[in-house]
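The values are calculated or read from the model by the stated rules, or taken from the named source; none is laboratory data. The structure presented is a predicted model; accordingly, all values stated were derived computationally and were not measured. Cβ sites come from the backbone with ideal geometry, for glycine too, and all protein chains shown count toward neighbours. Remember, those area values only see protein heavy atoms, side chains included, never the ligands or the DNA or RNA. Shrake-Rupley method; radii C 1.70, N 1.55, O 1.52, S 1.80 Å.
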Amino acid sequence: MARIKICGVRDRAAIDAAAAGRADYVGFVFFAKSPRNLSLDEAGGLAGVVPSGIRRIGLFVNADDEAIGAAVRAARLDGVQLHGDEGPDRVAAVKARFGVEVWKALPIATRADLAAARQYAGVADRILFDAKTPPGAALPGGMGVRFDWRLLARDNGGFDPGAPWGLAGGLDASTVGEALATTQAPLVDVSSGVENAPGVKSPAMIRAFCEAVRAR
């Protein structure tokens, strides 16, 4: 059964809904341009109400060590998700310095984009395939955009990145079943697909998403 990450949580209601839906991860966003951005104090407060069975992942975009370290400490992060232009050396450096799980998000539009994933094999703990956002977009993800999931389909040749991986982009309760049937993704990551408005999570939509995944 696929693991579930609810990304961009900003309040206890979202965390409670994730727990009720048996999500495996919640994501805290540390990127000022995002409507889901958290201050260190906000993240620290939320970290204290996350149940022990759910792991806390912090999302960063081209952040320096000082910013990552402050968030790791404040939110007691179990992992770091790098969603910018970080190369394999940067991923390895973050993992070595902070001793937490490190995910690398990669923007995908065509099969050629998948080739970049292999350079992170043996470096990143998980590779997250996300949809490539439009040119000039202010955010690198969380915009509800999807790529052609058949690029990852087994009957289309499939793709083995050489590391654990996950799927993001354009997922919600109505599409995640198709995504899982097509890709057999071991993890699905949702953000805007469980929101009433940018940055405003819907507990009902979170529960519906989790139920759709668990029904597979």
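Stokes-Einstein diffusion coefficient for the chain at 4 °C in a medium of 1.567 mPa s, Rh from the Kirkwood formula over Cα pairs: what value in µm²/s?
Rounded, D is 76 µm²/s.
Putting +1 on Lys and Arg Cβ atoms and -1 on Asp and Glu Cβ atoms, find which of Tyr120, Leu59, Pro203 reaches farthest to the positive end of the dipole of the chain.
Comparing the listed Cα positions along the dipole, Pro203 ranks first.
Using a Gaussian network model on the chain with a 10 Å cutoff between Cα atoms, which of Ala67, Ala17, Ala124 fluctuates the most?
Of Ala67, Ala17, Ala124, the Gaussian network model singles out Ala67 as fluctuating most.
Note down the magnitude of the dipole of the chain about its Cα centre, charges +1 on Lys and Arg C-beta and -1 on Asp and Glu C-beta and zero elsewhere, to the nearest 20 debye.
Using only the charged Cβ atoms, the result is roughly 340 debye.
Can you give the calculated 222 nm mean residue ellipticity of the chain, where each DSSP H run of n ≥ 4 adds -39,500 (n - 2.57) and the sum is split over every residue, rounded to the nearest 500 deg cm²/dmol? Provide the component values of the computation, followed by the final result.
Working: 7 runs with 63 residues, N = 216.
Helix-only estimate at 222 nm: -8000 deg cm²/dmol.
Over all distinct Cα pairs, what is the inverse of the mean 1/r for the range 17-122, reported as the Kirkwood hydrodynamic radius in Å?
14.6 Å
Among Gly122, Gly84, Gly27, whose mean-square fluctuation peaks in a Gaussian network model of the chain (Cα, cutoff 10 Å)?
Gly122
Expected output is a single nm value to one decimal: the length gained when fully extending between Arg22 and Ala153, i.e. 0.36 nm times separation in residues minus the C-alpha distance. What is it?
My answer for the length gained is 44.5 nm.
What does the charge dipole of the range 23-117 about its Cα centre add up to, to the nearest 20 debye, if the Cβ of each Lys and Arg holds +1 and the Cβ of each Asp and Glu holds -1?
My answer is approximately 180 debye.
If I compute solvent accessible area with a 1.4 Å probe over the protein chains, what percent of it on the chain is carbon and sulfur?
Exposed carbon and sulfur together represent 49 percent of the surface.
Could you tell me the distance between the Cα centroids of the range 162-216 and the range 62-110, to the nearest Å?
Measuring centre to centre over Cα atoms gives 22 Å.
For a quick check, take a GNM of the chain with Cα springs below 10 Å and name the residue from Phe60, Phe98, Phe30 with the largest mean-square fluctuation.
Phe98
Using the heavy atoms of the protein chains and a 1.4 angstrom probe, tell me the accessible area per residue for the chain in square angstrom.
Accessible surface, normalised per residue, equals 42 Å².
Name the residue farthest towards the positive end of the dipole of the chain from the options Leu106, Val213, Val49, assuming +1 on Cβ of Lys and Arg, -1 on Cβ of Asp and Glu, about the Cα centre.
Result: Val213, furthest along the dipole toward the positive end.
Consider a paramagnetic label point 7 Å from the Cα of Arg12 along Cα→Cβ; state which residues of the range 37-55 have an amide N under 20 Å from it.
Answer for this model: 38-55.
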